[in-house]
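What follows is a set of notes on a single structure, which appears directly below.
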Amino acid sequence: MLLHLQTWADVETYLKTSRAIIVPIGSTEQHGPNGLVGTDAICAEVIGRGIGEAAGALVGPTISVGMAQHHLAFPGSITMKPTTLIAYIRDYVASLSRAGFERFYFINGHGGNIATTTAAFSEIYADTSLSRDSNRPSVKCKLRNWWESAAVKQLSKELYGDSEGSHATPSEVSLTWYAYPDAARPMTMNPAVAPKGEFTDAADYRRNFPDGRIGSNPGLSTAEAGKRLFDAAVKDLAVDYKAFASS
Ligand code: NI
């Protein structure tokens, strides 16, 4: 169930049975030579919607622009500064919490969002702690990185081993090709596996990782693998979501 396809009355009815909602959060940033700029937002969205279907849960609008300053030397990348993203997440949660939502299950598609999203959760808890209104509903937020679910990690390892890398991975590219088959761009990478290492700002990133990848070979991506990864993630995370929703 997608929030934006409900009426307010539908949402009021939903709140009588559940006070939990899934929030996909991703990024809009370069993903190497054959990965889509929307990869992280697409992955979070399709898995978030998959969990929503499996668990009968409401899914909020995707936060599709994340904290991606280090990708800005590649055209098409968009960032929110950490402070902007914190404010956005805080307002998103506060709006729904006012209506009665109390459990926010964030499905994340981008490693660069983790620190900022966690900081946003601390701001949200601080708002409650500092409030003199003791009747405020108790809000809980949880962040789950889809690629770190146990079943996904095992499958990625089995499919790609050391070619998985950490950015523009064959797993995430495969998942987007499963979601959008017409967007698939099979190609051979040169070098096959990209360099690994650290980065700071956008210029530093592009110097160290000239085609945008880190440690990965997305030339191994297939839509078939994407389907397997999708099924594994949804199976794992729907169970985790249900436990959180009833916590
Ligand atoms: Ni990514």
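The values are calculated or read from the model by the stated rules, or taken from the named source; none is laboratory data. Quantities reported herein were computed from a predicted structural model and do not represent experimental measurements. So basically every Cβ, Gly included, is an ideal-geometry build from the backbone, and we count neighbours across all protein chains shown. These area figures cover heavy atoms from the full protein model, side chains too; ligands, DNA and RNA do not enter into them. Shrake-Rupley method; radii C 1.70, N 1.55, O 1.52, S 1.80 Å.
Listed values, structure above:
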| quantity | calculated |
| --- | --- |
| Flag for Asp240 being buried (at least 19 other Cβ atoms within 10 Å of the Cβ), of a type in the set (D, E, K, R), closer than 28 Å to Ala20 by Cα and touching a residue at least 12 places away in the same chain (Cβ under 8 Å) | no |
| Extreme residue, farthest from Lys235 (Cα to Cα), among residues of the stretch 92-117 that are small (Gly, Ala, Ser), more than 16 Å from the ligand (Cβ to nearest atom) and in contact (Cβ under 8 Å) with a residue 60 or more places away in the chain | Ala99 |
| Count of the stretch 35-44 residues which are assigned to a helix (DSSP H, G or I) and surrounded by fewer than 23 Cβ atoms within 10 Å (Cβ to Cβ) | 0 |
| Lone unmet requirement of (1) open to solvent by 30 Å² or more (accessible area, probe 1.4 Å); (2) part of a helix (DSSP H, G or I) for Leu85 | (1) |
| Condition met for Asp182 (part of a helix (DSSP H, G or I), away from the ligand (no atom under 15 Å from the Cβ), under 24 Å from Arg206 (Cα atoms) and at pLDDT 95 or above) | no |
| Members of the stretch 22-41 found to be farther than 17 Å from Gln69 by Cβ and more than 8 Å from the ligand (Cβ to nearest atom), listed by number | Ile22, Val23, Pro24, Gly32, Pro33, Asn34, Leu36, Gly38 |
| The one condition in (1) in contact with a strand residue (DSSP E or B) (Cβ under 8 Å, 6 or more places away or on another chain); (2) part of a helix (DSSP H, G or I); (3) touching a residue at least 60 places away in the same chain (Cβ under 8 Å) that Val23 fails to fulfil | (2) |
| The stretch 118-172, subset crowded, with 19+ Cβ neighbours inside 10 Å, more than 16 Å from the ligand (Cβ to nearest atom) and outside any helix (DSSP H, G or I), residue modelled with the highest pLDDT | Cys141 |
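Residue by residue, here is whether (1) farther than 19 Å from Ala179 by Cβ; (2) surrounded by 21 or more Cβ atoms within 10 Å (Cβ to Cβ); (3) among the basic types (Lys, Arg) holds:
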{"site": "Gly26", "(1), (2), (3)": "no, yes, no"}
{"site": "Gly32", "(1), (2), (3)": "no, yes, no"}
{"site": "Gly48", "(1), (2), (3)": "no, yes, no"}
{"site": "Ile51", "(1), (2), (3)": "no, yes, no"}
{"site": "Gly56", "(1), (2), (3)": "yes, no, no"}
{"site": "Thr62", "(1), (2), (3)": "no, yes, no"}
{"site": "Ala73", "(1), (2), (3)": "yes, no, no"}
{"site": "Met80", "(1), (2), (3)": "yes, yes, no"}
